[in-house]
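**Q** Take this structure, written in structure tokens, and hold onto it; I'll ask about it next.
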Amino acid sequence: MIHIKSPQEIELMREPCRIVRETLEFVGKNIKAGMTTKEVDDLVYRYITSCGATPSSLGYEGFPASACVSVNDVVVHGIPSDDKVIVDGDIVSVDITAEKNGFNGDAARTFLIGNVSEEKRQLVKVTEECFFKALEGLRAGSPLFDIGYAVQTYAESHGYGVVRSLTGHGIGRDMHEDPGVPNYGRKGTGLRLRAGMTICIEPMINMGTWKVWQDERDGWTIRTMDGKPSAHYENTVLITEDGVEILTL
Ligand code: MF3
Ligand code: CO
Ligand code: CO
């Protein structure tokens, strides 16, 4: 079921969304080679809780941490670990969701660590651009799959693979609400967006094949099938009558 948010509910959502943005800024200032992904998670936990918010991922379907920290060929849902050290040249996606006022905000950034190769930099840049391509012309009345069409067209024009098995989503009182928001699709199709919908648009773009696999050892980690790197960029977006408002930026 799709929950259209009232103006009052949107006001309540602004705070968790702001906290998510600030947390990611804080991570961006502090993340560096030599840290473990668990240390990144500690930063996230401390920042979110210091704001009086709750990390929604912690305990979500058994997920054991406050952040998903996904390095290089890990697409999403990387579990922070004391054994995983971030090294120079890595790209690290940090995806966090915070709850406050009974509502959630959800966003992800892919950080460049030190000396990153030109081809990885390009992947991260194009992944961010995919998000903004999706917003072009988006407003109440737009067909849902125009989002995926925009992301897919732009990513594939760079020779990249678009992850199919994971999608964006509605968000509000729950971290994941309807509708699913795929990063692929046919222009002009799908339900029509409505003012007051809040959705997460989150391109997951692979340098090589779009195919991914889930590590059955931990039940979470999603990796690229060919071992090539993947990038992720996400924001919580409010649909309005005449456009969109990005709540986590
Ligand atoms: N934040 C993720 C998303 O964008 C979901 C995290 S799943 C969890 O949808 F289990 F790690 F919480
Ligand atoms: Co997320
Ligand atoms: Co999300």
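**Q** In region 204-249, which residues are part of a strand (DSSP E or B) and within 13 Å of ligand 1 (Cβ to nearest atom)?
**A** Step one: list which residues in region 204-249 are part of a strand (DSSP E or B), which gives 204-206, 212-214, 222-224, 230-232, 234-239, 244-246.
Within region 204-249, 204, 214, 222, 232, 234, 235, 236, 237 meet the criteria.
**Q** Given the residues 196, 188, 114, which is the only one that is closer than 21 Å to residue 238 by Cβ and more than 16 Å from ligand 1 (Cβ to nearest atom)?
**A** Numbers: 188 fails: closer than 21 Å to residue 238 by Cβ; 114 fails: closer than 21 Å to residue 238 by Cβ.
The unique qualifying residue is 196.
**Q** Which of the numbered conditions does residue 104 fail, given that it passes all the others? Conditions: (1) polar (S, T, N, Q); (2) in a strand (DSSP E or B); (3) more than 30 Å from residue 6 (Cα to Cα).
**A** (3)
**Q** Note down all Cβ pairs under 9 Å where the first residue falls in region 53-79 and is more than 23 Å from residue 116 (Cα to Cα) and touching a residue at least 40 places away in the same chain (Cβ under 8 Å), the second is among the basic types (Lys, Arg) and buried (at least 20 other Cβ atoms within 10 Å of the Cβ), and they're at least six residues apart or on different chains.
**A** What qualifies is 53/100; 54/100.
Each row is one residue, and each column tells you yes or no for (1) more than 13 Å from ligand 1 (Cβ to nearest atom); (2) hydrophobic (A, V, I, L, M, F, W, C).
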site: 93; (1), (2): no, no
site: 149; (1), (2): yes, no
site: 166; (1), (2): no, yes
site: 173; (1), (2): yes, no
site: 180; (1), (2): no, no
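**Q** Regarding region 111-122, can at least one residue be identified that is more than 16 Å from ligand 3 (Cβ to nearest atom), part of a strand (DSSP E or B) and either at pLDDT below 95 or within 28 Å of residue 45 (Cβ to Cβ) (or both)?
**A** The initial filter retains those residues of region 111-122 that are more than 16 Å from ligand 3 (Cβ to nearest atom), namely 111-122.
Still in the list and also part of a strand (DSSP E or B): 111-112.
The next check asks that each one be either at pLDDT below 95 or within 28 Å of residue 45 (Cβ to Cβ) (or both); those that pass are 111-112.
Yes, region 111-122 contains a residue that is more than 16 Å from ligand 3 (Cβ to nearest atom), part of a strand (DSSP E or B) and either at pLDDT below 95 or within 28 Å of residue 45 (Cβ to Cβ) (or both).
**Q** So which pairs qualify, if the first residue must be in region 81-96 and touching a residue at least 24 places away in the same chain (Cβ under 8 Å), the second must be within 16 Å of ligand 3 (Cβ to nearest atom) and among the hydrophobic types (A, V, I, L, M, F, W, C), the Cβ gap must be under 6 Å, and the two must be at least 6 apart or on different chains?
**A** Short answer, once both residue conditions are applied: 93/108; 94/67; 94/69; 95/68; 95/108; 96/20; 96/44; 96/67.
**Q** For region 56-112, enumerate the residues that are of a type in the set (A, V, I, L, M) and within 10 Å of ligand 2 (Cβ to nearest atom).
**A** Taking region 56-112 first, the residues of a type in the set (A, V, I, L, M) are 58, 65, 67, 69, 71, 74-76, 79, 85-87, 91-92, 94, 96, 98, 107-108, 112.
Scanning region 56-112 gives 67, 76, 94, 96, 107, 108.
**Q** Just give me the residues in region 167-213 being closer than 23 Å to residue 137 by Cβ and of a type in the set (Val, Ile, Thr), in sequence order.
**A** Result: 167, 171, 181, 189, 198, 199, 201, 205.
**Q** Name the residue that is nearest to ligand 3 (Cβ to nearest atom), counting only residues in region 165-224 that are surrounded by fewer than 18 Cβ atoms within 10 Å (Cβ to Cβ), within 19 Å of residue 149 (Cβ to Cβ) and among the polar types (S, T, N, Q).
**A** Once the filter is applied, the top-ranked residue is 165.
**Q** For region 216-247, what are the residues that are more than 30 Å from residue 137 (Cα to Cα) and within 16 Å of ligand 2 (Cβ to nearest atom)?
**A** 220, 221, 222
**Q** Can I ask one more? Outside any helix (DSSP H, G or I) and within 14 Å of residue 109 (Cα to Cα) - does that describe any residue in region 37-58? Can you show your working first?
**A** Here is the first cut: in region 37-58, the ones outside any helix (DSSP H, G or I) are 51-58.
Retained after the next criterion (residues that are within 14 Å of residue 109 (Cα to Cα)): none.
No, because not a single residue in region 37-58 is outside any helix (DSSP H, G or I) and within 14 Å of residue 109 (Cα to Cα).
The values are calculated or read from the model by the stated rules, or taken from the named source; none is laboratory data. On a predicted model such as this, the values are computed, not experimentally measured, just so you know. Backbone-built Cβ (ideal geometry, glycine too); neighbour counts: all protein chains shown.
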